[in-house]
Each structure stands twice: as structure tokens, then as C-alpha cells.
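The values are calculated or read from the model by the stated rules, or taken from the named source; none is laboratory data. Here the structure is a predicted model, which means the values were calculated and not measured. Positions of Cβ are backbone-derived with ideal geometry, glycine not excepted, and every protein chain shown enters the neighbour counts.
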Amino acid sequence: MSDGLQATLQQFDDPAVRRSDALDALVREAVFGSAEAQRRARWLIWEIGQRAGVRPASIHELYVARGRGEIPPFTTPAINVRMLGYDTARAIFRAAARLDVGAVICELARSEIAYTGQRPAEFVAVMTAAALREGFTGPLFIQGDHVQINAKKYAADPTSELDAIHTLIDEELHAGFYNIDVDTSTLVDLSKPTLDEQQRVNYERAAELTAYIRDREPAGITVSVGAEIGEVGGKNSDVHELKAFMDGFTRTLKRLGSYVGISKISVQTGTSHGGMVLPDGSIATVQLDLDALRALSRDAREQYGLGGAVQHGASTLPPDAFNHFPACEAIEIHLATNYQSMVFDHPRVPADLRREVNAWVKSECKGEWKKGDTEEQFIYKSRKKAIGPFKQRFWEMPADVRAAIGADLEKTFAYLFAQLRVQGTRAVTDRHVKPALQSHAAPREALVAAPDDAEAGE
């Protein structure tokens, strides 16, 4: 390590420096600097976090403790940080620090990598820096959401599609994603006559990917792996499908070797990614099957030792819906679109920037405009594709505008944390999750992979 890097690390040993604009400048380099500046800044942020006790970690042990009934019910929010990443993550960790929250996940889906302009190494640096900036300490749960097989690509060339998944898993593990949600539910075939046959390709590929992760996870870390039995937006799941998947998954994983299994299972209970968009651009109310969610979570814990069932596509639900999830003992809930919309639609966003975004969407995404959709529906569904191209423009909005957006996001996250009963989970999280120091002697090259265009995520 050079004397200059050592001096910089020592500078950031001071909590006051970590909570100053000096860190803002460093994270900006990690995102927008030259390749060499990014490499240096990302390494520095990792090392600063390691020294300050902000370390990427796996939530696996906390979830299996919940599966054993050792801790009371709570539902961990897994928040997809798509846009205005540093400010959004700062709002998450500001609320978490204030409410003594330990169980909170920041995640990035396979599909989001390309259109948000965030690769895993950048995402880890930004999430770590945001936690440091807000004085949040403890395990940092960063998750690869919907590491999903594209069914069409798999049907055409299964080897190439699986190779792409392997490459992404390698990249995520290298960057510090120690929570990975494998999603092979796209391969479920409901035309088959039995539940085992319907789920077979799903559970076999999920088991193989779990083994792949286990063979590559860092020493001393049991990555939290999740699987999925029903594609979100499709047929609602039931306990019979859970049994068919878990029995087949367990058999397959045992055949592959002596591997630790999954810690949670994603199910479908009536939501859809992004919500159902009405002609005026608003979101329709959905009918959640809470009884199914409760039964699936119960069986996942009691029969298979998992933390419970996971609910996707939930950020667009009404505020009074969130307290149902811990009551149903769901272990995790995935949230994305509403926080993206809060940024896009915030009244403080400059009008000229909003006009430019909408014009870009109408020009560049016109092929996605479905027949019968109003302009409001089209823009709502497609504007996420503008996140990457306009990332720097949103980042460079005036400080007071970003602060106002961050304050409103913080209020939303604080309400969410209370409803999901993760307020006060710092102590129980620290009791079960103890991330060891992972220091690297010198800056490492960040993995670079080709942009991924698979469609998944919220």
C-alpha cells in the first residue's frame, strides 16, 4: 500500500471525516471517475468500511435462527436502490440508524444492472459509503435480487444462459454481494401433469446454482441463497408447490454434494412487479392472498427450517398493507418501484430535467409502447430505462433538491421499518451475524461484464 493511500485511510478513521463532504467526493470518484480513479476509490471505501465496522455480510444465520423460532417475527425490507443511489441509500441508513434497525437489505436485480448503470462493484461502494456517511455500523446486507434465468434464452441455448448467470454470480461474490436470490421460477412448466414435473427444471437448476455459489463463497461466509417457486405476476403459490419444490431441491442438492441449502423461498401471492398501472398512470389496488403467505411461511419454517416466505412486488401497495407481512411471518419483502417513482415525481425535481426524461423515454423506448396504453401508462412503465442515461444529471441536482428528496424518502423508510417490525433489530442481528474483517492489501481490478438485457426485477 502506498503512503498516500495509507494516509487517506488514516484520515477516514475519524468518524467526523467519514460523515463529511470528504466522503461525498470519494464516492463520486467511485461512480464517475476514470477507471483508475474508480478502482482506487472503491478500494478505499471498502477498506474504510472494514475498519469502521461497516462490512458486507450474509443474513443467512439470522434467517435460520428465525426458522428455529429463536427470534420474534419481523419482515426484512429488501430495497432495490435504482436511482439517486447515494442519496436514497443515505435515507435508508439514516432511518435505520435512528430506529436501531439491523435487518435491512439493499439489493440490485440482474435486469436493473444495465438500465440503472450500476454494476455490483459500484453498488457495493455506494451502499457502503452511504452507511458510513450516516454513522450506520454493523453488518451490511447487499443482495443480488432476481439472479434470474431468461426462459427464452434458456430454451434457445441453455448453456450460454447458465454461463451468463455464473458470470454474474462470480462478479457479485467478488464485489461483496453475500446474499443472492436465485430465480429459476421462469422455468416452471404448469402444463405438466404433476407438481413435481412442473417444478423439476426449477428445482434442479436452483440446486445447481446453489452448489455453484457454495463452491465460490468466501471462506467463513455462508451466503444467504434464496429460491423461488412461482414467478411474480403469475399463478399464486400454495403449500403443495412449496413441498414439490423443496423436496426436489433437497434431493438434487444432496446428490450434488454436502452443501448448505437455501434460507428463504420467494412466492407469488397476488402482486406484480411495478404494480398494475391504470390509464391515468396511478396504481390499481391488488388483492393479496395473505392466508397463502401465512401458510407458506409456516411450512417453510416448520418443515424445511427456512426463515420463511418472501414477498415480491410490494412497494406499490398501500401504506396500511405493510403491517400484514410480519403478522403473516413473511421473512422478507422486496420493494423497488415506489421509491423510483418518489424521485421521478418529486415536486423539487427541476421541470426541465423532467421534460428531458419524458422526451427521452418517448423517443428511445417507443417500441415498448403497448397498443391501448395511454401516454401516462407508457411513461410510468418505461421511464426506468432513463435511470442510467440520466444518472449523473440526477446526481448533480442542487444539494437542497437532493436533501428534500432524501428527507421524504427517509420518512417513508422509517414508516416502513416500523410496520415491518424491524425497528430495534440491531442487537439480534449483531448476535447472529458477525462479519469478519476482509481487508485487501492493495486496490483490486473491478470485474467488468457485458451489459445484461434480461428482463426481471420490479
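Restricting attention to segment 169-183 and to residues that are touching an Asp or Glu at 6+ places or on another chain (Cβ under 8 Å) and of a type outside the set (Val, Ile, Thr), the residue that is surrounded by the most Cβ atoms within 10 Å (Cβ to Cβ) turns out to be ASP183.
Among the residues of segment 280-289 satisfying the criterion of being at pLDDT 60 or above and more than 23 Å from the chain's Cα centre (by Cα), which is surrounded by the most Cβ atoms within 10 Å (Cβ to Cβ)? Don't jump to the end; show me each part of the working.
Residues of segment 280-289 at pLDDT 60 or above: 287-289.
Still in the running and more than 23 Å from the chain's Cα centre (by Cα): 287, 289.
On the way: GLN287: 8, ASP289: 18.
That would be ASP289.
Matching residues to (1) among the hydrophobic types (A, V, I, L, M, F, W, C); (2) more than 18 Å from ASP430 (Cα to Cα); (3) at pLDDT 95 or above:
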| position | (1), (2), (3) |
| --- | --- |
| ALA65 | yes, no, yes |
| PRO77 | no, no, yes |
| LEU84 | yes, yes, yes |
| THR88 | no, yes, yes |
| VAL101 | yes, no, yes |
| ILE105 | yes, no, yes |
| LEU108 | yes, yes, yes |
| THR128 | no, no, yes |
| GLU134 | no, yes, yes |
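Name every residue in segment 153-205 that is small (Gly, Ala, Ser), in a loop (DSSP other than H, G, I, E, B) and over 25 Å from the mean Cα position of the chain (by Cα), in order of residue number. Of everything in segment 153-205, just one residue is small (Gly, Ala, Ser), in a loop (DSSP other than H, G, I, E, B) and over 25 Å from the mean Cα position of the chain (by Cα), namely SER191.
As a summary of the residue check, ASN236 satisfies the conditions (1) in a loop (DSSP other than H, G, I, E, B); (2) touching a residue at least 60 places away in the same chain (Cβ under 8 Å) except for the one numbered (2).
Within the option set GLU47, GLU29, being in contact with a Leu (Cβ under 8 Å, 6 or more places away or on another chain) and part of a helix (DSSP H, G or I) holds for one residue only, GLU47. Checking the stated criteria, ILE92 turns out not to satisfy the condition of being outside the structural domain of ILE213 (by TED's automatic domain parsing), assigned to a helix (DSSP H, G or I) and either hydrophobic (A, V, I, L, M, F, W, C) or without any contact (Cβ under 8 Å) to a residue 24 or more places away in the chain (or both). What residue, among those in segment 358-368 that are closer than 22 Å to THR316 by Cα and at pLDDT 95 or above, is nearest to the chain's Cα centre (by Cα)? That would be VAL361.
Of the candidates VAL17, VAL27, VAL54, the single residue that is without any contact (Cβ under 8 Å) to a residue 12 or more places away in the chain and within 30 Å of ALA427 (Cβ to Cβ) is VAL17. So in segment 95-111, with the set limited to residues that are of a type in the set (Gly, Ala, Ser) and not in a helix (DSSP H, G or I), which one is farthest from THR128 (Cα to Cα)? Of everything passing the filter in segment 95-111, ALA109 is farthest from THR128 (Cα to Cα).
Looking at segment 217-246, which of the residues that are among the polar types (S, T, N, Q) and modelled with pLDDT of 95 or more is surrounded by the most Cβ atoms within 10 Å (Cβ to Cβ)? Here the answer is SER224. Helices (runs of 4 or more DSSP H) fully within segment 304-369 that include at least 3 residues being crowded, with 18+ Cβ neighbours inside 10 Å and among the hydroxyl-bearing types (Ser, Thr, Tyr): 337-344.
Looking at ALA65, ALA22, ALA35, just one residue is within 18 Å of PHE136 (Cβ to Cβ) and among the aliphatic types (A, V, I, L, M), and that residue is ALA22.
A quick yes/no check of all residues on (1) among the acidic types (Asp, Glu); (2) at pLDDT below 90; (3) in contact with a Gly (Cβ under 9 Å, 6 or more places away or on another chain); (4) over 15 Å from ALA227 (Cβ atoms):
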{"residue": "LEU296", "(1), (2), (3), (4)": "no, no, yes, no"}
{"residue": "ASP299", "(1), (2), (3), (4)": "yes, no, no, no"}
{"residue": "TYR304", "(1), (2), (3), (4)": "no, no, yes, no"}
{"residue": "GLY308", "(1), (2), (3), (4)": "no, no, yes, no"}
{"residue": "GLY313", "(1), (2), (3), (4)": "no, yes, yes, yes"}
{"residue": "ASP320", "(1), (2), (3), (4)": "yes, yes, no, yes"}
{"residue": "HIS324", "(1), (2), (3), (4)": "no, no, no, yes"}
{"residue": "ALA330", "(1), (2), (3), (4)": "no, no, yes, yes"}
{"residue": "ILE333", "(1), (2), (3), (4)": "no, no, no, yes"}
